Each structure stands twice: as structure tokens, then as C-alpha cells.
Amino acid sequence: MSKNSLVSISDYSKEEILAILDSATGFEANPNRKTLDGKVVATLFFEPSTRTRLSFETAVIRLGGSIIGFSDAATSSSSKGETLNDTIHMVSCYADVIVMRHPLEGAARYAAEVSPVPIVNAGDGANQHPSQTLLDLYSIKKTQGTLENLNICLVGDLKYGRTVHSLIMAMSHFNPTFKFIAPEELKMPEEYKIFCRKHGIKYSEATELNNNFNDADILYMTRVQRERFQDLMEYERVKNVYTLKNKMLINSKLNLKILHPLPRVNEIDPDVDSNEKAYYFQQAQNGLYVRQAIISKVMGIKS
Amino acid sequence: MEKKLKVAALRNGTVIDHIPSDKLFKVVSILHLETSKNQITLANNLDSAKIGSKGLVKISDRALEEDETNKIALIAPNAKINIIREYEVVEKRPLVLPDEIREIAHCGNPNCITNHQPVTTRFFVIKEEGSMRLKCKYCEREMKFEEVKLK
Ligand SMILES: [Zn+2]
């Protein structure tokens, strides 16, 4: 079993999080290096996620490493009934690190337990996606100059959205103030509010988006998916009031930045894209530098 | 009086008393008594002044390990466990909630890896805000004890 795996954002201390972000800053300044020369990275995608896979693979290639793997389960041996344990052992004969995406929750923790090489979790079902969380933190720090004492508005599907749950965990080190804006059906679950109370994190809740984020430094939008709703009439109503439009930004703070894990459906009107407060495309690009930092860290390479 | 007699009937071993009647067979199951070769006496639906109706288990020639009695704490926190040697109670075993439980339960999350692959389940026991919850080590879901299925 490898001790260097990254499965969940809570595996990293505050110091480790900050070190990753520092390292990512270095990669942004100079992304093309040869530190992975001669190394092999496996990208095992048991479910397709082209966006995440391309980001990891580009990170490896820019570090001079090589890639093996598969991009969906149909082409992998698991479709022939091989256990995850056996797949991981087989691949670890060839690769120095495994980047893994899996539709089942807990798959990454289990893989990290049985794997002789480090595992990087690129998403396990609805559970964790730590490289997304770290690139969110990187984007926040880069645009605000700090992670400390920020007002952060989380908007949309707060019930099922794993990115917002992980973001709460990660930001808990930095004294944030949260506002949770969600329709009744998709409200923040009680266990995360308990988490906030236990860590002395201030939060408030609202159900309307408009005029509710004027003191925010970060507006973190998430996808509101149709299949989450029992009542489709309610979905139609929510879909419209949770669409961010350019004119809603008039009274927002000058330093406000809008983030979204992408892909968006219709939570952000395209008329916001040209506003300088829109940051979601740069946010996605930051993923590359953060993933270079993560792979370097789990492989013990000084950057 | 009745209790004294039953305890006295066992020469060496373990007596688990004051098990709520509807939990008796869960206790049997988590201790894997169905495959045990020891002499075992089960009694159920006995009158109890404290809990109305109780069950009782006597296992000859086996002193339960601490991790086994701690598992009982999850199911029957008010049970009484006595270790018997030569007809005497030599130890009253306090029930302590374990910090972690292994193997004895299935995760309540159908999308959890442990329900699809041969993985030994592990749960952290969380005691806070007056309630007990279990957190699956793998899928990281928190659930109430009633939400997991005992094996
Ligand atoms: Zn689980």
C-alpha cells in the first residue's frame, strides 16, 4: 500500500494544501519540464470524463512522462469481470502512479489500500474529486490574493454537489463566511451544517439568488440538473431563477469572481462570459497546473 | 433469583444478559454463534422488570474478547456481560462503543464499492451532538446504525 495517495481533500493538512498551491504557481510560470522523464502514469477511467482525463494527461505530458490506460470501462478488463484489486495490481506492474476515475463511491480509498503505487482520485462516484477542490482553491487564492476571511456564496445543487461539500471541508482552514443559496429540494445537507458549527464557520442560507450576493468575494455556481427534481414544474421555475445574468452583477463587489466546475447547463447566461468577473474558463485552465503539482507531490518529485 | 440460577448453571464461559428480545438473534449473528462448536444456551422473551422482555445467551468455555463485547454495545448498549470461571463471576465486562467496526455490517449506500467488490467493510463510530452515527471508511457516507445491514 502506498502512503502518498490522494483520495480525499481531507487527506491533506492546511500546510500541504498551501504547498500544493505554491507548487502550482511555479507550474503556471513554467509548465514544461522534464521531471517525469522515463516515468509512466496510468489513467484508468472506469467511466468517461474527457475533461478531467485530458487535463491530467496534459499535465503528465508537459512534465515529460508517458501515459497508459483506458478511457471507459467497456475497453478495460473490468468489463470481463476482473476485480478492481486485480486491475490495480496488474497496472501497478507497469505504472509509477495511477490516476483513477470510478463510478462507485469509495473505489479510490480501496484502490489506495491495495495498490503498491500512489493513487490519485480523479472522482469516485458522488464522493470525492480532490483535484477539482484544489483547483478551486488555487483559483480563489489567485484572484483574491488570499484564502483567509473570504465571503463565499455557494449556489445551486448544494444537496448532491460534491464539489461544494469538498470546498467547505477545504476552506474550513481559512475562516470563511458561507452563504448557501439553493432551492428547497437541493438545500445543503444537515451533516455539512454540523461540520460548519463544529469548526466555528459562519454560514447563512437563502433560496433566492438575485441580490443575495452583493457582499460576496466568490460566487460559486453549480449545475442544477433536471433529474434531481421530483416535481418538474418546480425544476422549470428553479431553472430560471437560478440563472445568473449579467445585469444581476451590477451591485456586486469589484473583486468578485464567478466560479463554476463546468460543464454548465444554463446556470450562467452567456452574457456573463464577457464580464471580467467571469472566471470559470481560467479556472478550468488552472486545473492543469494544480494537477502537475499533485502528480509531482505523490511521486515525491521536488518542484 | 432466576438470574442467579442461570448464571450459576454455567461453569466456565460468558453470560450476556438483558438483551432486548428483538436483538437476541442479532447478537447471535455478530458473534457467529451459529457456527460455534461450544455449548450454547439461548433464552428469549424472559420477563424483565427493567426492559419488559429480554433475551439471554450463555456460551460455555469461551470468554469473549473485548472487541466482540464492544460490538454488542452497538446493538444492545444496556446488555450485561459476565465472564464466569468455576461458577463465579470473575469479570463484569463494561460495554464500550468501539471507535471502528469491521466486517459485521454492510454499507447502507448502494453505490458504495463495498457492496460491489469483495471488500471488508469498515466504519468509524462517530459520537457527537448526542447521537451515534457510522461513517463508512470507503464511500465516506455517514449513516445511522439502523441504516446499515448486519451481516
Ligand atoms: Zn460505504
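Each value in this text was obtained by applying a stated rule to the coordinates, not by laboratory testing. Nothing here was measured: the structure is a model prediction, and the numbers come from that model. When we count neighbours, we look across all protein chains shown, and the Cβ atoms used for this are built from the backbone with ideal geometry, even at glycine.
Just a few scattered comments:
- In a fully extended conformation the segment linking residue A:187 and residue A:68 would gain 38.8 nm over its present Cα-Cα distance, using 0.36 nm per residue.
- Seen from residue A:21, the other residues with C-beta closer than 9 Å to its C-beta sum to a net charge of +1, counting Lys and Arg as +1 and Asp and Glu as -1.
- Ratio of the Cα radius of gyration of segment B:100-150 to 2.2 N^0.38 Å, where N counts its residues: 1.04
- In chain B, Cα pairs under 8 Å separated by at least six residues give a relative contact order of 22 percent.
- Alpha carbon Rg of segment A:4-105, scaled by the compact-globule rule 2.2 N^0.38 Å: 1.17
- Cα-based helix-to-principal-axis angle, B:66-75 vs chain B, degrees rounded to 10: 80 degrees
- For segment A:130-284, Kirkwood radius (reciprocal of mean inverse C-alpha pair distance, Å): 15.5 Å
- Across segment A:156-204, the volume of the C-alpha convex hull divided among the residues equals 65 Å³ per residue.
- Sorted peptide list for A:275-282, A:7-14, criterion being average Cβ within 10 angstrom, highest first: A:7-14, A:275-282
- Most to least packed among B:121-127, B:104-110, A:226-232, A:110-116 [average Cβ atoms within 10 Å]: A:110-116, B:104-110, B:121-127, A:226-232
- Partner chain coverage, peptide A:191-198 - average Cβ within 10 angstrom: 1
- With a simple spin-label model that places each label point 7 Å from the Cα along the Cα-to-Cβ direction, the separation between residue B:89 and residue B:32 comes to 2.9 nm.
- The mean sequence distance of close C-alpha pairs (under 8 Å, at least 6 residues apart), as a share of the length of chain A, puts its relative contact order at 20 percent.
- Here, segment A:57-156 has an Rg and a Dmax of 16.6, 51 Å when only alpha carbons are counted.
- Applying 1/(1 + (r/R0)^6) with R0 = 25 Å to the Cβ-Cβ distance of residue A:160 and residue A:241 gives a FRET efficiency near 0.85.
- Proximal charge balance of residue A:172 [Cβ under 10 Å; K/R count +1, D/E count -1]: +2
- Candidate cross-link partners of residue A:142 among the aspartates and glutamates, defined by an alpha-carbon separation under 18 Å and a same-chain spacing of 8 or more, comprise A:15, A:16, A:22, A:28, A:217, A:276.
- Positive contributions from Lys and Arg (+1) and negative ones from Asp and Glu (-1), summed over other residues with Cβ under 10 Å from the Cβ of residue B:19, come out at +2.
- Kirkwood Rh, angstrom, the protein assembly as shown [1 / mean 1/r, Cα pairs]: 24.9 Å
- Of all aspartates and glutamates in the structure, those lying under 12 Å Cα to Cα from residue A:39, and not within fewer than 8 positions of it along the same chain, are A:96.
- Of B:37/B:71; A:179/A:239; A:202/A:257; B:92/B:149, pairs whose Cα-Cα distance is over 26 Å: B:92/B:149
- Rounded D (µm²/s) - segment A:175-238, Kirkwood Rh over Cα pairs, Stokes-Einstein at 25 °C, 0.890 mPa s: 185 µm²/s
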